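The structure under discussion appears below in the form of structure tokens.
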């Protein structure tokens, strides 16, 4: 169902998208404030159900590529992602009918709102990951075998480029990542344009609404003095797999990504246990006392134990009391071809996927 | 004067362009063989004097970017540079009337021949450096303040990209270098298109003929059992500044460039002296017993003492008997703005330029 997002939806989106970010996608905090401001000035965000798109509709697919820690330091101007859409429109020679997120996770859930605010086109209630993944080829569109090119990239200093052809999806990641690193490990991008037909067939439908629903449940739980972590589990069909506190974070920005390991020391029923979380922008593998308890493509979400607020790989810090929750990935990402793009081996781990909610 | 290049011209170009490469631009050996073959199969290369270009003529400016050592290992397909011109033509929406070299030095002198062979357009007798320089912004067009974008880049695996806007010439170098490094420190490029007016005003005119003339003089000297090194000096208005043998080469491919230092031990009148040559693709600074005797933008050319054949930063090796010659740079590159782009400080040396032929 298509509708207009209100200020409450925008707030709820920030909470829900940050949960679905699985540690990555960038903290939505700054872009959320920006969109609150824009909404308060009268900008309306139209959310369109993908099933209502014309087959021939032209959909711009946007995200900010880079390392989450950089996005904390370099504030984004919403016009950058709007400009990326314009560069793409100039390249293909026609305008877009709507805009959608590449990834619903974290700050990237706000990119279509930012583009919409400046371009006046509606937002498709969908994304291509159903969460956040670190690399550009890790999308439902890649799994569907759709064309990876062209990609437009914009840096606010005025560097603009288009990758016009690549032999594989991985080469699109490589070429665009090289440019992203050169501009400071952060760049606004407009990915390969999609038709309405392609979005309806391959996008993760209604993920924007899903994120808003998670945020709304957390808000309700807080208002009702209920457990926000349980609210996330209930809204997202997840399960608490560990509770404890963060005792160490080893983090570095390298090769355009934020990589490292966070260590959690158990509390309550997990006392005397330890969890290690390895990450590349997102939490990828969770080990409980050396036993793998969760891997990509399943969602590993680290939440503040009290507020239910998600904790990102760039915001995790010593001493935080946390709940680790797991959510089973959608079937598309668990197919053989899905795992080729987003399974543990695609991320460099010689592991079979482990579902935290068996 | 416009004319058709014959097989002899192509051979002479290889020798002369390698001298003007000042160590860089890549050894012309492999591309020379390729163009010999293509010429023997009947392809004709039309050389057009820049003064004969229409003001509105559209000129493609081509080069292969990268580290010379890689170019020795990865053979070039002439279709790659032709493809870069095609990608640019598609981007700007119109065909080119002629093609010219970005740099006359080394293998890059052959890029317009390679493009011409596959596209059937004439070659402008000019380039934008009058030698070889390591970076993309080090051109007469940059010194002239012309627009640096767009740039098309092609890797034979099918990676194609266009840098559509940059805030400065240096950013064009940075963006295109990042892509070049990602594709293996070698990529075919078509730089910003130039009008006939721009070429006539800012290109280094008749540098292709100049390179051919140097090569012809060396060939004549060899045939006449005269000194080929003296032939280079006479043809190029250069001066021998050192003779000796190579006793050490410290060389690494890093950041998309070939960097290092070559050490020469003196012979004859230079016995007991030592020269150090620092390089970034090209020979940049020559020190004789710690005294700077030559710097960019002046041309520092290392020649085989017997054959007069140039020696590149990637082909220099222990034991070679060499003559080091210096050639004064053209006035444009010695202007204040010229030195901003190609002076020693632009290459990272806190030195004033030193002319080896005072």
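Of A:33, A:75, which residue is away from chain B (no Cβ under 14 Å) and either in contact with a strand residue (DSSP E or B) (Cβ under 8 Å, 6 or more places away or on another chain) or part of a loop (DSSP other than H, G, I, E, B) (or both)?
On the way: A:33 fails: either in contact with a strand residue (DSSP E or B) (Cβ under 8 Å, 6 or more places away or on another chain) or part of a loop (DSSP other than H, G, I, E, B) (or both).
Unique residue meeting the criteria: A:75.
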Going through (1) out of contact with any strand residue (DSSP E or B) (no Cβ under 8 Å at 6 or more places or on another chain); (2) over 21 Å from residue B:135 (Cα atoms) one by one, residue B:305 fails only at (1)
Next item on the list: Go through the residues of the stretch A:112-120 one by one and say whether even a single one is assigned to a loop (DSSP other than H, G, I, E, B), in contact (Cβ under 8 Å) with a residue 60 or more places away in the chain and more than 14 Å from chain B (Cβ to nearest Cβ).
Entry: no
If you go through B:58, B:83, the only one that is within 14 Å of chain A (Cβ to nearest Cβ) and over 19 Å from the mean Cα position of the chain (by Cα) is B:83
Filtering the stretch B:273-288 for residues that are surrounded by fewer than 18 Cβ atoms within 10 Å (Cβ to Cβ) and at pLDDT below 95 leaves a count of 0
By residue number, the members of the stretch A:289-321 that are part of a strand (DSSP E or B) and either surrounded by fewer than 24 Cβ atoms within 10 Å (Cβ to Cβ) or without any contact (Cβ under 8 Å) to a residue 60 or more places away in the chain (or both) are A:291, A:292, A:293, A:295, A:304, A:321
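Rundown of residues vs (1) assigned to a strand (DSSP E or B); (2) farther than 30 Å from residue B:92 by Cα; (3) touching a helix residue (DSSP H, G or I) at 6+ places or on another chain (Cβ under 9 Å), yes/no style:
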site: B:178; (1), (2), (3): no, no, yes
site: B:230; (1), (2), (3): no, yes, yes
site: B:249; (1), (2), (3): yes, yes, no
site: B:265; (1), (2), (3): yes, yes, no
Considering the stretch A:145-192, residues that are on the phi > 0 side of the Ramachandran plot and more than 8 Å from chain B (Cβ to nearest Cβ), and then whichever is surrounded by the most Cβ atoms within 10 Å (Cβ to Cβ), we arrive at A:185
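Checking the structure you have, find out if any residue of the stretch A:238-247 is in contact with a strand residue (DSSP E or B) (Cβ under 8 Å, 6 or more places away or on another chain) and free of Cβ contacts under 8 Å to residues at least 40 places away in the same chain.
Restricting attention to the stretch A:238-247, the residues satisfying the condition of being in contact with a strand residue (DSSP E or B) (Cβ under 8 Å, 6 or more places away or on another chain) are A:238-247.
After this cut, where a residue has to be free of Cβ contacts under 8 Å to residues at least 40 places away in the same chain as well, the list is none.
For the stretch A:238-247, residues in contact with a strand residue (DSSP E or B) (Cβ under 8 Å, 6 or more places away or on another chain) and free of Cβ contacts under 8 Å to residues at least 40 places away in the same chain: absent.
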Being under 19 Å from the mean Cα position of the chain (by Cα) and in a loop (DSSP other than H, G, I, E, B) narrows A:16, A:25 down to just A:25
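The values are calculated or read from the model by the stated rules, or taken from the named source; none is laboratory data. The shown structure was predicted, so the numbers you read here are calculated from the model rather than taken from an experiment. Note that each Cβ is placed from the backbone with ideal geometry, even for glycine, and that neighbours are counted across all protein chains shown.
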